[in-house]
Amino acid sequence: MSRRPQPELELPLRRIHTFKDSERFARQLARALGEPVSRIAEHRFPDGETLLRVHPPVARDAIVVRSLHDPNSKLVETLLAGDALRRAGAQRVTLVAPYLPYMRQDMVFSPGEPVSQHVIAKCLGQAFDDIVTIEPHLHRIQRLDEVFPCHAVGVSSAPALAHWIQRTGSRPLVVGPDAESEPWVRAIAAAAHLPWIVGHKERLGDHAVRIRFPTLPSCTRAVIVDDIASSGVTLAIAAQGLLKQGVAMIDAVVVHAIFATGALTHINAAGIRRIVSGDTIPHPTNAIRLAPLAAAALTTKKGI
Ligand code: R5P
């Protein structure tokens, strides 16, 4: 029996697929791009494995939005989503991961450790054609595509943070807690036309750091900026150092609101008046929308 050739199905051009925990960011991104968004269905088996289902229509150019904080199970599910979309007909699959984990372990610090950054970059880079993230924690490399085998860009949050700081008025001093933050702190301060300094930080343990600041220029208010707040100890110790030098008001802005248990109590007890975060990780402190920056990077394919 001869089969008649099937007409090729017309796929929509671009569509966003997201998980329940990243839906808010995905909707902001969809609004900025003018694209539709749909939720990936997740089923958790009794043994802890996950079955995903992507809903049609799947576009030629499919975008998965998933923030990868609390990463271990999310990484596996995100890889499965990439596979599901390709099997359903997507020709190009992009991952937008507002928070990209495991970037800090970028070398063997003590014998016997893995280079987690390379492992995660390899897995995600093989599963996706493009990766866009916001403010990845890069220390010994400058650009994501130095370790990702696919096109990968990190978007700078500096313009959005500068805008937020500027709106709060009173010309604060912008403070970075460590030397590695200098280019980013400088970019925020330049965009907001504000003075800046960075400290010198030594990490002594998961919950212990030492920070030394240079003599501060005269100021009554400082805004500490950091890419991540995890245990909260960096912000707390930085605030104590600034208070000692006579700064009366201290606010803090972080990009990724990881906030481990007890972090906020620690931060508030250190005298930080107000703490806000970007919306890469859903948290009550979210005050700065970063999806428009990710949308711009998807359009231009350029990042930091
Ligand atoms: C480290 O270099 C990062 O920029 C952050 O300062 C750090 O991850 C914050 O962690 P924690 O809140 O645990 O001090």
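Consider T299 against the criteria (1) more than 11 Å from the ligand (Cβ to nearest atom); (2) part of a loop (DSSP other than H, G, I, E, B); (3) in contact with a helix residue (DSSP H, G or I) (Cβ under 8 Å, 6 or more places away or on another chain): it satisfies all of them except one. Which criterion is unmet?
(2)
Does R143 count as charged (D, E, K, R) and farther than 21 Å from Q105 by Cα? Talk me through it step by step, then tell me what you get.
Details: charged (D, E, K, R): yes; farther than 21 Å from Q105 by Cα: no.
For R143, the condition - charged (D, E, K, R) and farther than 21 Å from Q105 by Cα - is not met.
Restricting the stretch 258-296 to residues that are within 16 Å of the ligand (Cβ to nearest atom), of a type outside the set (V, I, T) and open to solvent by less than 20 Å² (accessible area, probe 1.4 Å), which is nearest to T18 (Cα to Cα)?
Checked the stretch 258-296; the qualifying residue nearest to T18 (Cα to Cα) is G278.
Just give me the residues in the stretch 138-147 being surrounded by 19 or more Cβ atoms within 10 Å (Cβ to Cβ) and in contact with a strand residue (DSSP E or B) (Cβ under 6 Å, 6 or more places away or on another chain), in sequence order.
L144
I need the full set of residues from the stretch 12-33 which are more than 18 Å from R92 (Cβ to Cβ) and either among the acidic types (D, E) or out of contact with any helix residue (DSSP H, G or I) (no Cβ under 6 Å at 6 or more places or on another chain) (or both), in order please.
Of the stretch 12-33, the ones more than 18 Å from R92 (Cβ to Cβ) are 19-25, 27-28, 31-32.
Selection gives F19, K20, D21, S22, E23, R24, R27, R31.
Suppose we filter the stretch 172-206 for residues that are touching a residue at least 24 places away in the same chain (Cβ under 8 Å) and acidic (D, E); how many remain?
3
Among the residues of the stretch 49-60, is there at least one that is open to solvent by 40 Å² or more (accessible area, probe 1.4 Å), assigned to a strand (DSSP E or B) and more than 19 Å from L298 (Cβ to Cβ)? Steps first, answer last, please.
Taking the stretch 49-60 first, the residues open to solvent by 40 Å² or more (accessible area, probe 1.4 Å) are 49, 51, 53, 55-57, 60.
Keeping just the survivors that are assigned to a strand (DSSP E or B) gives 51, 53.
Next, only the ones that are more than 19 Å from L298 (Cβ to Cβ) stay: 51, 53.
The answer is yes, given that some residue of the stretch 49-60 is open to solvent by 40 Å² or more (accessible area, probe 1.4 Å), assigned to a strand (DSSP E or B) and more than 19 Å from L298 (Cβ to Cβ).
So V247 passes all but one of these: (1) open to solvent by less than 40 Å² (accessible area, probe 1.4 Å); (2) farther than 26 Å from H139 by Cα; (3) within 15 Å of the ligand (Cβ to nearest atom). Which condition number does it fail?
(3)
The values are calculated or read from the model by the stated rules, or taken from the named source; none is laboratory data. These figures come from a predicted structure and were not determined experimentally. Methodologically, a virtual Cβ is constructed for each residue, glycine included, from the backbone with ideal geometry; neighbour enumeration extends over all protein chains shown. Side chains are part of the model used for accessible areas, which takes the heavy atoms of the whole protein and leaves out ligands, DNA and RNA. Shrake-Rupley method; radii C 1.70, N 1.55, O 1.52, S 1.80 Å.
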